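The values are calculated or read from the model by the stated rules, or taken from the named source; none is laboratory data. Since this is a predicted model, take the numbers as computed values, not measurements. Cβ placement follows ideal geometry from the backbone for every residue including glycine, while neighbour counts extend to all protein chains displayed.
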Amino acid sequence: MKITKFEIDGLLLLEPRVFEDERGYFLESFNELRYNEFLGGEYCFVQDNVSRSSKNVLRGLHFQYPPHAQGKIVSVVKGRVLDVAVDLRKDSSTYGKSQVVELSEEKHDQFWIPPGFAHGFIALEDDTVFSYKCSAYYHPVSECTLMWNDPDLAIDWQVNDPIISTKDKEGLSFQSFNSPF
């Protein structure tokens, strides 16, 4: 597996080995022992989620407050996304900075987003299927959304008019947000 680190500590791009031939391909999408080596901790993944989105659907920026904060391994089963993680760790030198990566079904890549980050993505193709492997259960009372288009975050989503849910349109501004991380 190829692992790429970013300027923002803790985020990892994981590129599993893919075995391809005329029949198709095979890859190991998760192995608890190996992944905990890469992730530098003992994470127990308790919930898997899948979403399907039309082109230009933007979901995020979401996170859960401690003690229900989630780490996520995200990947694309079908299509392509622009995936974004925003550092919410107050003591981090990259607090408020974001990392943008493109994930696709062709590359089979995965993005590790540890607890302490907001997460969002925009589908770049119709019928994009997105997979999340989460280290904590969904806890609606602990859920929070930051404004996807907050000027202080200045994320380039590369789409002028995304399709956004009412919940995501009503996200908090980064300036008014008091991070618990």
Report task. Provide a single number: the residues in the stretch 146-179 that are among the β-branched types (Val, Ile, Thr) and part of a loop (DSSP other than H, G, I, E, B). Result -> 2
Query - Subset of the stretch 49-63 (residues that are hydroxyl-bearing (Ser, Thr, Tyr), over 20 Å from Phe117 (Cβ atoms) and surrounded by fewer than 19 Cβ atoms within 10 Å (Cβ to Cβ)) - result: Ser54
Query raised in the report: If you take the residues of the stretch 137-164 that are surrounded by 12 or more Cβ atoms within 10 Å (Cβ to Cβ) and among the hydroxyl-bearing types (Ser, Thr, Tyr), which of them is nearest to Lys97 (Cα to Cα)?
Result: Thr145
Query raised in the report: Which residues, taken from the stretch 123-134, are more than 11 Å from the chain's Cα centre (by Cα) and either part of a loop (DSSP other than H, G, I, E, B) or surrounded by fewer than 20 Cβ atoms within 10 Å (Cβ to Cβ) (or both)?
Result: Leu124, Glu125, Asp126, Asp127, Val129
Query raised in the report: Mind checking which pairs have a first residue in the stretch 45-57 that is under 14 Å from Leu82 (Cα atoms) and a second that is in a strand (DSSP E or B) and among the small types (Gly, Ala, Ser), Cβ under 8 Å, 6 or more apart or different chains?
Result: Ser53/Ala123; Ser54/Ala123; Lys55/Ala123; Asn56/Ala123; Val57/Ala123
Query raised in the report: Within the stretch 59-67, can one find any residue that is in a loop (DSSP other than H, G, I, E, B), on the phi < 0 side of the Ramachandran plot, at pLDDT 95 or above and aromatic (Phe, Trp, Tyr)?
Result: yes
Report summary line: Checked the stretch 71-122 for anything touching a Leu at 6+ places or on another chain (Cβ under 8 Å), in a strand (DSSP E or B) and hydroxyl-bearing (Ser, Thr, Tyr); matches are Ser75, Ser98
Report task. Among residues belonging to the stretch 27-47 that are surrounded by 12 or more Cβ atoms within 10 Å (Cβ to Cβ) and hydrophobic (A, V, I, L, M, F, W, C), point out the one that is farthest from Lys72 (Cα to Cα). Result -> Leu27
